[in-house]
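Visitor: Sharing a structure, written as structure tokens. Questions coming.
The values are calculated or read from the model by the stated rules, or taken from the named source; none is laboratory data. Quick caveat: nothing in here was measured; it's all calculated off a predicted structure. Cβ sites come from the backbone with ideal geometry, for glycine too, and all protein chains shown count toward neighbours. With ligands, DNA and RNA removed, areas are computed over all heavy atoms of the protein, side chains included. Shrake-Rupley method; radii C 1.70, N 1.55, O 1.52, S 1.80 Å.
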Amino acid sequence: MSIESSVADRRFTVDRQALIASLRAVLPEQALLVEEEEMRPYECDGLTAYRQLPLIVALPADEAQVQAIVKVCHALKVPVVARGAATGLSGGATPHRDGVVVSLAKLKKIISVDPVSRTAVVQPGVRNLSVSEAAAPYALYYAPDPSSQIACTIGGNVAENAGGVHCLKYGLTVHNVMRVRGLTIDGEIVEFGNAALDAPGYDLLALMNGSEGLLAVITEVTVRLTPKPELAQVVIASFGDVRQAGDAVAGIIAAGIIPAGLEMMDRKAIHAVEPYVNAGYDMDAAAILLCESDGTPEEVAEEIGRMTAVLEQSGASGIRVSQDEAERLRFWAGRKAAFPAVGRMTPDYLCMDGTIPRKRLAEMLDAINRLSEKYALRCANVFHAGDGNLHPLIMYDANQPGELDRALAFGAAILELSVKFGGTITGEHGVGIEKVDVMAEQFSLAEIAAFHRLKAAFDEHGLLNPGKGVPTLARCREYTLARVGSATSPRS
Amino acid sequence: MEGLIENWIGRVADAASAGRSLAIRGGGSKAFYACPEQGEVLEVSGHRGIVAYEPTELVVTARAGTPLRELAAALAEKGQWLPFEPPHFGASATVGGMFAAGLSGPRRQAVGALRDYVLGVKVLNGSGEVLSFGGQVMKNVAGYDVARLFAGSLGTLGVVLEVSLKVLPLPVAEKSLRFSIDEAAALGKLNAWGGRPLPISASAWHQGVLTLRLSGAAAAVAAAQRHLGGEELAAGLATAFWESLREQTYAFFAGDAPLWRLSLPSVAPPQPLPGSTLIEWGGAQRWLREGDGRAIRVAAARAGGHATLFRADHALKASEGVFQPLPAPLLRIHRQLKRAFDPQGVFNRGRMYPGL
């Protein structure tokens, strides 16, 4: 299978013993894992369907050690795969068979939290939620909140340009990071961005966000902190029809409201979540919307009133407004637990991540339901409806012959539809190895070639995270040929 | 339109094979900015028009030659706008010029910069290929973020053909307040207020007067006004004031003296530099008239930021350089990126840095 060819790529010829010797010369002994059993925990990230042992795992404790590792790898032409908490869902941190996994887990210091400049300087291994916890005494927080925020780290957030449930109003990682310090593959220290609001030259800081570890190894990040709103309230609206829920999303935006969060769950997702967390969701609804307002108490009261009016006009069969912070958190708990809740219903699932224009939401849901029948696999849907980012969760059992292949085909069909509807194959989870082939659906050969040239501007020999993010031109051609020859393509 | 792009592709190929440079020109409103144009002019303002605009999607796609005024009017008709308040610097300003210059106006401190609203681009590269990056949706991590790389790249990487931008609803209410206060105290206040959930959307300090603008829900603006005090500025005067800052028609910007822009951490103290200063963006953007270029650049770097020679004659630009010099590893990456998109160095040669 093509994904396997990514990790089993044999372009690199590495003398493992010489590599170990070179690394031992520059690192303390405990910073290297070389035995198979100690490397096992590093064989995959959140995309657990694909596992690969690396040659070596390195656990540097500071930037100087990261630099030493990168220099050795550069000199010996060894692939480098940087790794944070490995919660990523697209295989961005899957090891390379001939490469070194550089775990940044030990670089977990919060270097400073400055309430006056509203910034925090952190090492890449700091967990997303710890930044907000450290800023909490100053009534500040770090806005991007991916579902994995308890575990995922800032370095990984930058590498993937992580989103969350509040990005429509507060932006993605790229909007909340001011400076990234790191190492180029030749071991030079570079800083993209600074403590001001812009930097001279090209916007390399923007380029670092979402670059999936292919351009540099991150060693330090300055993030922007946001003042905590005085109050937040969430409205839950139930709909008897998915189409009405989709129209309500458009209606809210048309009314000039930018909700702090706007999420949608379909019946299967509600039924997965409710017995698991008792969030109080309407089990009879075809879909629910969670719509959050934040700001001053006056502002929130005004906005909740306007939201409620739009939701009623759109045909909501039930509306509830959180009455206190505990209730607000309970309403959100269901949405945030959607992935593990679905995980309880099925031995395995695939989480897709296409983004489409909001107006196509209902159409997309209909199409997903038809595909679910076609491939005879259940699918629960949770959407970041405010920004059109879909997370269909395709349930399968890898132990049943053929089910994984059907699940992959189902997922590919959803991604093709996302592109056809004017959207993208990935909104926030990244390409990694999972979607590397589908890139050819979205980009022309000339565009893919431009990505390769851009990569080479940073990493001439292609040592940083090879096989991820951008397909080779040969694989693009293969993909396109296979598509043309395929009668099962759902394009219509 | 297609004929136009075909023609440009031919021009690019000719220039590449002859080793010539093309100076990309839209409305010419920002020709004063950055290093002087070199080479034969490639006139691109004919490629114009809004390609797609659906207010409920919060996205607009426009061809690069679209007059900025036309785009602003189309958005205003639907109660929306570009929240980063891009400066036009003239009636001829185009969407492509706005994007290539990458400049943002007074609201930048509150809502982010132009690059934060960029969703996608279509460009013509130095090999004559038409390429699209990003898209028309809010979230998109497929491929490198080339769309944002092109924002503010001053046309050095290619010709921008189309831009997709996120738009937002216009604020419901706005009020501007004035305070008499000295520079250091103003910087202190601005940073303290910045750490609280106040709807401050712009600030300007000059000659002992701090002007603040509040924007948002009517209730929030009213509550903040009660809390902050100050003297309210009449609505018409306030609109004119913020527009004159955005367009640099305010008295501070008049005359031929060189204009320096210092981009600093908002908490940087008053700079020990001679000359008149005007402070925007909560302390993060500071303008200076006159001064010694070397001293300004040293002070900016020491404070953790950088300085741009924003307006000056060619001679001064040539001797001081327009933009803060880049550290060697970054300059190397810039040169390699330039080569990746424009291998023959056709576009806007030297417009950002010599040799780029």
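Visitor: Excluding same-chain residues fewer than 8 positions from residue A:77, which aspartates and glutamates have a Cα within less than 18 Å of its Cα?
Guide: Within reach: A:9, A:15, A:98, A:186, A:188, A:459, A:460.
Visitor: Give the shape of the stretch A:231-340 as rounded, prolate or oblate, defined through the alpha-carbon gyration tensor: a ≥ b ≥ c are the square roots of its eigenvalues, a/c under 1.5 means rounded, and otherwise the shape is prolate if a/b is larger than b/c and oblate if not.
Guide: Oblate, since a/c reaches 1.5 and b/c is not below a/b.
Visitor: Sort the stretch A:344-485 into rounded, prolate or oblate with this rule: let a ≥ b ≥ c be the square roots of the eigenvalues of the Cα gyration tensor; rounded if a/c is under 1.5, and if a/c is not under 1.5, prolate when a/b is larger than b/c, oblate otherwise.
Guide: Judged from the Cα gyration tensor, the stretch A:344-485 comes out prolate (a/c at least 1.5, a/b above b/c).
Visitor: A drop of at least 20 square angstrom in accessible area, chain alone versus all protein chains together, probe 1.4 Å. Which residues of the stretch A:154-179 meet that?
Guide: A:161, A:168, A:172, A:174, A:175
Visitor: Indicate, rounded to the nearest 5 percent, the antiparallel portion of the DSSP beta bridges found entirely in the protein assembly as shown.
Guide: Taking every DSSP beta bridge within the protein assembly as shown, about 90 percent pair in antiparallel fashion.
Visitor: Normalising by the residue count of chain B, find the relative contact order in percent from Cα pairs under 8 Å and 6+ residues apart.
Guide: This gives 20 percent for chain B.
Visitor: What relative contact order, as a whole-number percentage, does the stretch A:110-227 give when Cα pairs under 8 Å and 6 or more residues apart are counted?
Guide: 31
Visitor: Also, I was wondering about something else. HN-Hα J couplings of the stretch A:337-351 from phi, Karplus 6.51/-1.76/1.60, θ = phi - 60°, integer Hz, Gly and Pro as x?
Guide: Couplings: 9, 4, 5, x, 5, 5, x, 6, 8, 8, x, 9, 8, 10, 9 Hz.
Visitor: I need the phi-derived Karplus couplings for the stretch A:246-253: 6.51 cos²θ - 1.76 cosθ + 1.60, θ = phi - 60°, integer Hz, Gly and Pro marked x.
Guide: x, 5, 4, 4, 4, x, 5, 5
Visitor: For chain B, report the convex hull volume of the alpha-carbon atoms normalised per residue, in Å³, without decimals.
Guide: Convex hull of Cα atoms, per residue: 139 Å³.
Visitor: Follow-up question, since we're still on this one. Mean shadow of the stretch A:282-391, computed from the convex hull of its alpha carbons, in nm²?
Guide: One quarter of the hull surface, i.e. the mean projection, equals 8.3 nm².
Visitor: Residue B:339: net charge of surrounding residues, Cβ under 14 Å, Lys/Arg +1, Asp/Glu -1, itself excluded?
Guide: Here the charged neighbours net out to +4.
Visitor: Then there is this: Quick one: accessible surface of residue A:262, probe radius 1.4 Å, all protein chains present, in square angstrom to the nearest 10.
Guide: We get 10 Å² for residue A:262.
Visitor: For the stretch A:315-337 and the stretch B:204-230, what is the separation of their C-alpha centers, rounded to whole Å?
Guide: Comparing the Cα centres of the stretch A:315-337 and the stretch B:204-230, I get a distance of 34 Å.
Visitor: Quick one: which of A:74-83, A:297-306, A:214-223, B:277-286 comes out on top by average Cβ neighbours within 10 Å, and what's the full order, highest first?
Guide: Those peptides, ordered most packed to least, come out A:214-223, B:277-286, A:74-83, A:297-306.
Visitor: In degrees between 0 and 90, to the nearest 10, how far off the longest principal axis of chain A does helix A:445-458 point, with axes built from Cα atoms?
Guide: Compared with the principal axis, the helix lies near 50 degrees.
Visitor: Taking each residue in B:26-35, count the Cβ atoms of any other chain within 10 Å of its Cβ, then average. What number comes out?
Guide: 0
Visitor: Any residues in the stretch A:197-222 that have 30 Å² or more less accessible area with all protein chains than in their chain alone, probe 1.4 Å, and which are they?
Guide: A:197, A:198, A:200, A:201, A:202, A:203, A:204, A:206, A:207
Visitor: Straight-line reach from residue A:71: which lysines fall under 23 Å, measuring Cα to Cα and dropping same-chain residues less than 8 apart?
Guide: Candidates past the 8-residue exclusion: A:106, A:108, A:455, A:468.
Visitor: Could the peptides A:192-204, B:186-198, A:383-395 be put in order, highest first, of the mean number of other beta-carbon atoms found within 10 Å of their residues?
Guide: A:383-395, A:192-204, B:186-198
Visitor: Here's another thing I want to ask about it. Quick one: Cα convex hull volume of the stretch A:2-103, Å³ per residue?
Guide: Normalising the Cα hull of the stretch A:2-103 by residue number yields 90 Å³.
Visitor: Shifting gears a bit: Out of all DSSP beta bridges in the stretch A:2-103, what portion is antiparallel? Express it as a percent rounded to 5.
Guide: 20
Visitor: What angle, in degrees between 0 and 90 and rounded to the nearest 10, separates the Cα long axis of helix B:293-302 from the longest principal axis of the Cα atoms of chain B?
Guide: 70
Visitor: Here is a further query. Can you sort A:417, A:481 by solvent-accessible area, 1.4 Å probe, largest first?
Guide: Sorted by accessible area, descending: A:481, A:417.
Visitor: Right, something else. Once each part is reduced to its C-alpha centroid, what is the distance from the stretch A:113-139 to the stretch A:169-221 in angstrom?
Guide: Answer, in whole Å: 18.
Visitor: Using a Cα-Cα cut-off of under 21 Å, which lysines could be cross-linked to residue A:268, ignoring same-chain neighbours fewer than 8 residues away?
Guide: Straight-line reach from residue A:268, under 21 Å: A:336, A:374.
Visitor: Now for a separate question. Would you tell me the mean number of C-beta atoms belonging to other protein chains that fall within 10 Å of each C-beta in B:50-59, as a whole number?
Guide: Counting other chains' Cβ atoms within 10 Å and averaging over B:50-59 gives 4.
Visitor: Any idea what the relative contact order of the stretch A:2-103 is, in percent, if you count C-alpha pairs under 8 Å spaced at least 6 apart?
Guide: Here the relative contact order equals 36 percent.
Visitor: Something else about it: Round to the nearest 10 and report in Å² the accessible area of residue A:16, as given by a 1.4 Å probe over the protein chains' heavy atoms.
Guide: 70
Visitor: Kindly report, to the nearest 10 Å², the accessible surface of residue A:307 as traced by a 1.4 Å probe over protein heavy atoms only.
Guide: Its heavy atoms expose roughly 0 Å² to the probe.
Visitor: Cα-based Rg of chain A per 2.2 N^0.38 Å, rounded to two decimals?
Guide: Compared with the compact-globule rule of thumb, chain A sits at 0.98.
Visitor: I've got another one for you. Within a 10 angstrom radius of each residue's Cβ in B:324-337, how many Cβ atoms of other chains show up on average? Whole number is fine.
Guide: 5
Visitor: Let me ask another. Could you give the angle, 0 to 90 degrees to the nearest 10, between helix B:183-194's Cα long axis and the longest principal axis of the Cα atoms of chain B?
Guide: Compared with the principal axis, the helix lies near 80 degrees.
Visitor: Can you bin the protein assembly as shown into rounded, prolate or oblate? Criterion: square roots of the alpha carbon gyration tensor eigenvalues sorted a ≥ b ≥ c, rounded for a/c under 1.5, prolate for a/b above b/c, oblate for the rest.
Guide: rounded
Visitor: Taking amide hydrogens as modeled 1.01 Å from N in the peptide plane, which residues meet the under 5 Å criterion relative to residue A:318, leaving out close sequence neighbours?
Guide: A:238
Visitor: Still on this structure, please answer the following. As a test of understanding, state the convex hull volume per residue of the stretch A:123-225 from its alpha carbons, in Å³.
Guide: Roughly 99 Å³ of hull volume per residue.
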